[in-house]
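Peer 1: Structure below; questions to follow.
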Amino acid sequence: MDKILIEGGRPLQGKVRISGAKNAALPILAATLLCGGVHRLRNLPRLRDIRTTKTLLYHLGATFEEGEPLCIHTDDLDSFEAPYDLVKTMRASVLVLGPLVARFKEARVSLPGGCAIGARPINLHLTGLERLGVKIELRHGYVEATAPRLAGSRIHLDIPTVTGTENLMMAAVLAEGRTVIENAAREPEVVDLATCLTGMGANIDGAGSPVITVEGVRELRPMDHTIMPDRIETATYLVAAGITRGDVTLGPCSPEHVEAVMRKLEEAGMQFTLTDDSIRAVGGEVIHEVNVKTMPYPGFPTDMQAQIMAMMALAEGQSIITEGIFENRFMHVSELRRLGADIHIEGNTAIVRGRPKLQGAPVMATDLRASASLILAGLAADGVTEVSRVYHLDRGYEAIETKLSALGAKIERAKE
Ligand code: EPZ
């Protein structure tokens with residue numbers, strides 16, 4: 001296992017390239033299962049979760065021609081099963097459920113276990129599929145789905161689940177008739193998937209709004225799609241500029257996708273200069289405290305909660321950070337405390353009393369975004385911070401130490 005060593009206290013300066021969005025790439029890779037032929041995908045990020053998804057597609061019978069674009073051949077799929085040993089490493093594997101049922105009318109997908117940030121059930125995925133005529137049985141830890149006939153229906157989601165919306169949209173595109181998904185997730189990654197599916201010949205309206213309407217079609221054609229920029233990577237580097245009081249220009253990106261984060265960082269004293277596909281982020285001399293509650297898009301993203309907490313550990317005053325999406329997404333708090341942060345937890349709320357300094361120390365990553373927050377804290381801390389178990393980080397941040405070194409950080413990867 002690798003670890004990352006950072007000597008903090010250096011303001012970040014310069015330009016950083018934003019990679020393709022992990023959480024758009026995962027459902028779009030699954031969508032290649034919807035029809036045979038050669039799919040072309042550009043701007044895929046080089047991440048562990050992408051490799052895991054390609055392994056799953058390979059297991060189902062897909063083959064690949066590496067390059068830019070990546071070419072994915074899905075004519076000869078010969079399995080409809082997503083095995084436990086793959087799903088347990090990446091819960092987003094459940095995204096193959098909708099496409100497999102849509103194209104082959106059957107699927108056998110391992111139930112994802114819980115994960116560090118919460119139980120994360122998939123009940124809404126399954127009840128939504130049942131509304132489309134899918135027969136769901138849970139046997140030996142697997143979802144066994146069969147759909148003699150997939151028929152459009154009205155589905156109301158109790159919670160605007162992101163991958164639930166994506167799974168149901170992918171099942172609906174080949175269902176007979178109209179499907180309406182109410183209380184749908186509005187995340188930009190849902191919109192990127194809808195754009196990709198439309199390019200394949202699907203008939204989708206309302207992606208990005210709470211009501212998505214899908215008119216089923218008889219068949220689709222292979223995709224030719226470029227993955228959108230990663231808004232969470234973008235927002236993470238905005239915080240990196242703020243926490244080090246640096247001056248960083250990042251792109252290509254979509255500033256409108258990180259509106260909620262930029263508003264909060266402006267409150268904290270940062271300044272931004274935008275073009276349509278780049279952001280110049282300048283940290284303020286003083287970090288002002290802010291209050292945050294994570295919400296579904298377009299609210300403040302839960303995937304940025306740990307990162308802004310690291311920055312608020314160095315704020316002038318006290319910040320209140322409430323996690324509104326997951327029930328256990330404070331695993332980073334005990335590690336931040338090791339760096340000297342003063343954080344008190346009450347239920348799903350963290351009270352962060354800003355301190356003038358953090359001290360470098362050995363810390364351990366527990367999940368993807370928690371590890372990002374430890375890297376950010378290490379960039380600002382006095383002395384050396386050593387982050388272990390960085391395989392978590394490699395799931396969602398492409399070449400983070402290379403990108404940060406290019407911005408002037410003193411950072412290196414070493415064998416644990
Ligand atoms: C997606 O996860 C993202 N992953 C997560 O990013 C992100 O944190 C999350 O959305 C929220 O924005 C991908 O897109 C691959 P949800 P997802 O279903 O779809 C409950 C990262 O760091 N729920 O929107 O799994 C659930 O427990 C990852 O990149 C049900 O109760 O999240 C949670 O409390 C972490 N039943 C809430 O809804 C269901 O059937 C939102 O979950 C589904 C969800």
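The values are calculated or read from the model by the stated rules, or taken from the named source; none is laboratory data. The structure displayed is predicted, hence computed values, not measured ones. Note that we place each Cβ from the backbone using ideal geometry, even for glycine, and neighbour counts take in every protein chain shown. In case anyone asks, the SASA skips ligands and DNA or RNA and just uses the protein heavy atoms, side chains included. Shrake-Rupley method; radii C 1.70, N 1.55, O 1.52, S 1.80 Å.
Peer 1: State yes or no: is R17 within 30 Å of V384 (Cβ to Cβ), within 16 Å of the ligand (Cβ to nearest atom), open to solvent by 30 Å² or more (accessible area, probe 1.4 Å) and modelled with pLDDT of 95 or more? Break it down stepwise before answering.
Peer 2: Values: within 30 Å of V384 (Cβ to Cβ): yes; within 16 Å of the ligand (Cβ to nearest atom): no; open to solvent by 30 Å² or more (accessible area, probe 1.4 Å): yes; modelled with pLDDT of 95 or more: yes.
It is false that R17 is within 30 Å of V384 (Cβ to Cβ), within 16 Å of the ligand (Cβ to nearest atom), open to solvent by 30 Å² or more (accessible area, probe 1.4 Å) and modelled with pLDDT of 95 or more.
Peer 1: In region 60-86, which residue that is modelled with pLDDT under 95 and more than 17 Å from R103 (Cα to Cα) is most open to solvent (accessible area, probe 1.4 Å)?
Peer 2: Y84
Peer 1: Can you go through A350, A370 and tell me which one is within 16 Å of the ligand (Cβ to nearest atom) and assigned by TED's automatic domain parsing to the domain that holds H257?
Peer 2: Being within 16 Å of the ligand (Cβ to nearest atom) and assigned by TED's automatic domain parsing to the domain that holds H257 holds for just one of A350, A370, which is A370.
Peer 1: Which one of these does H140 not meet: (1) open to solvent by less than 10 Å² (accessible area, probe 1.4 Å); (2) more than 15 Å from the ligand (Cβ to nearest atom); (3) at pLDDT below 95?
Peer 2: (1)
Peer 1: Is it fair to say L26 is within 13 Å of the ligand (Cβ to nearest atom), out of contact with any Lys or Arg (no Cβ under 9 Å at 6 or more places or on another chain) and over 20 Å from L193 (Cβ atoms)? Show your work before the answer.
Peer 2: Numbers: within 13 Å of the ligand (Cβ to nearest atom): yes; out of contact with any Lys or Arg (no Cβ under 9 Å at 6 or more places or on another chain): yes; over 20 Å from L193 (Cβ atoms): no.
Considered against the rule, which asks whether it is within 13 Å of the ligand (Cβ to nearest atom), out of contact with any Lys or Arg (no Cβ under 9 Å at 6 or more places or on another chain) and over 20 Å from L193 (Cβ atoms), L26 comes out as no.
Peer 1: Another question, then. Quick check on my filter: what residues within region 87-125 are surrounded by 21 or more Cβ atoms within 10 Å (Cβ to Cβ), among the hydrophobic types (A, V, I, L, M, F, W, C) and near the ligand (Cβ under 8 Å from one of its atoms)?
Peer 2: A92, L95, I117, L124
Peer 1: Can you tell me which residues in region 340-356 are open to solvent by 70 Å² or more (accessible area, probe 1.4 Å), part of a strand (DSSP E or B) and not charged (D, E, K, R)?
Peer 2: H344
Peer 1: Could you pull out every one of the strands (runs of 3 or more DSSP E) wholly within region 205-279 that has 2 or more residues that are open to solvent by less than 30 Å² (accessible area, probe 1.4 Å)?
Peer 2: Numbers: elements: 211-215, 224-226, 247-251, 271-275.
Qualifying strands (runs of 3 or more DSSP E): 211-215, 247-251.
Peer 1: Right, E289: out of contact with any Cys (no Cβ under 7 Å at 6 or more places or on another chain) and either outside any loop (DSSP other than H, G, I, E, B) or open to solvent by less than 20 Å² (accessible area, probe 1.4 Å) (or both) or not?
Peer 2: Details: out of contact with any Cys (no Cβ under 7 Å at 6 or more places or on another chain): yes; either outside any loop (DSSP other than H, G, I, E, B) or open to solvent by less than 20 Å² (accessible area, probe 1.4 Å) (or both): no.
No.
Peer 1: Sticking with this structure for a sec: Condition first: open to solvent by 10 Å² or more (accessible area, probe 1.4 Å) and in a helix (DSSP H, G or I). Now tell me which residues in region 298-314 satisfy that.
Peer 2: Within region 298-314, the first condition is being open to solvent by 10 Å² or more (accessible area, probe 1.4 Å), and the residues that meet it are 298-303, 314.
Correct list: T302, D303.
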